[in-house]
Structures are given as structure tokens and as C-alpha cells.
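FYI, it's all coordinate maths here, none of it is from the lab. Note that the structure is predicted; figures quoted are calculated from it, not measured. Cβ coordinates were reconstructed from backbone atoms using ideal geometry, including for glycine residues, and neighbour counts include every protein chain displayed.
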Amino acid sequence: MKSGTAPPSFWAVNSLRLVQVGLGPHGRNWARQVIPNIKEVDVVAYVDTDPYALDTLREDAGVPADRCFESLKEAIAATEPEAMLNTTALPGHVPITRAGLEAGLHVMVEKPFAPNLAAARQLVDMASVRNLVLMVSQNYRFFPAPRAIARLVGDAITSKSSLCSSTCPSTISTCCG
């Protein structure tokens with residue numbers, strides 16, 4: 001096999017049937033810019049409780065009306081997805097993720113994952129008991145802009161430390177603490 005090519009079994013995998021929940025501006029960006037570039041994913045349904053968000057998605061991305069739902073339960077019943085992408089706002093992360101897991105779906109949820117550690121642990125436990133994948137999206141971590149900002153922040157911290165150590169070497173904790 002040539003270097004850099006995937007084994008034949010990789011290409012024989014069926015597309016993952018996905019339902020996306022949450023179609024605000026960020027969710028619509030996923031629907032227009034991210035998911036269409038992943039050939040192993042077939043979005044079988046889009047869900048949002050706001051009809052305007054669904055209308056906007058249909059207009060912007062040319063999504064057929066029969067793939068748009070205002071209810072996750074209806075979308076699951078009509079399309080039988082295997083996985084769910086939760087791009088709702090933070091207040092929807094826990095209840096929507098829980099609903100997906102209860103329906104037997106693998107779930108990828110946007111960060112922040114949950115508003116607190118207890119809620120996050122409940123979802124992790126729920127996924128584990130059901131042998132489902134639950135993952136948190138970190139899709140921007142390695143993009144150039146966030147990496148540049150991280151580098152600038154790191155440089156600023158280093159500069160402050162250097163400044164502190166050069167201006168008050170004997171009392172750094174007092175000076176810079």
C-alpha cells in the first residue's frame with residue numbers, strides 16, 4: 001500500500017447518519033462550511049425550535065424542507081440518525097445532549113460542554129453506560145488565529161515575568177504576585 005493512503009476498509013464504511021441540532025449563526029456555519037466538507041457524514045436532519053433559523057438554513061444552504069424539523073424527537077423518528085451534533089447555545093447543551101444519548105445517538109457537543117462539572121459527569125456517565133461516544137468539539141483550537149492569540153498571550157506572560165525578574169529580583173512574589 002502506498003504511504004499516505006488509507007486501508008480499503010476505511011473507504012468501505014457507510015456514511016454516518018447525523019442530525020444537527022441548533023441552527024443559530026454558529027450552527028448554520030457548521031451546516032454551510034464544516035459538515036459539507038466531510039464526505040463520511042450524511043446530515044439526515046436539521047433541528048431548531050425557531051422556524052426562522054430553519055428558513056434561513058434552507059435559503060442559505062439549500063437544505064430541503066423535508067430535512068428540517070422543529071422537534072428532535074420528530075427528526076429522530078423520521079430519519080433514524082446514528083449521531084447528533086449539538087450546536088445549540090449553552091443552555092441547550094445538557095438537555096439536548098441528554099435527549100440524544102437517551103435516544104441512543106453518539107453525540108458531539110460544542111464547548112463549553114456543560115455549565116458545571118456535575119452536569120458534565122452525568123452526561124459522561126450516561127454515555128458510558130450506553131456505550132456511546134460523547135465528545136466535545138474543539139474545532140478552533142488549531143486554527144491560525146487562536147494559535148496566534150495563544151502565542152501573544154504567552155509572550156505577554158513571558159514579558160511580564162522578565163520585567164518582574166529584572167525590576168525586583170529579590171521580591172518577585174511581592175512585585176508581581
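Taking (1) β-branched (V, I, T); (2) in contact with a strand residue (DSSP E or B) (Cβ under 6 Å, 6 or more places away or on another chain); (3) within 11 Å of G22 (Cα to Cα) in turn, T79 satisfies each apart from (3).
With the structure loaded, tell me whether G22 is within 17 Å of L134 (Cβ to Cβ) and in contact with a Ser or Thr (Cβ under 7 Å, 6 or more places away or on another chain) or whether it fails that test. Before you say what the answer is, go through the steps one by one.
Numbers: within 17 Å of L134 (Cβ to Cβ): yes; in contact with a Ser or Thr (Cβ under 7 Å, 6 or more places away or on another chain): yes.
Against the criterion (within 17 Å of L134 (Cβ to Cβ) and in contact with a Ser or Thr (Cβ under 7 Å, 6 or more places away or on another chain)), G22 qualifies.
Pairing residues of the range 54-77 that are within 12 Å of A31 (Cβ to Cβ) with residues that are surrounded by 19 or more Cβ atoms within 10 Å (Cβ to Cβ) and acidic (D, E), at Cβ distances under 6 Å and at least 6 apart in sequence or on separate chains, gives L54/D48.
Picking from residues in the range 25-56 that are among the small types (G, A, S) and in contact with a helix residue (DSSP H, G or I) (Cβ under 6 Å, 6 or more places away or on another chain), the one that is nearest to E110 (Cα to Cα) is A31.
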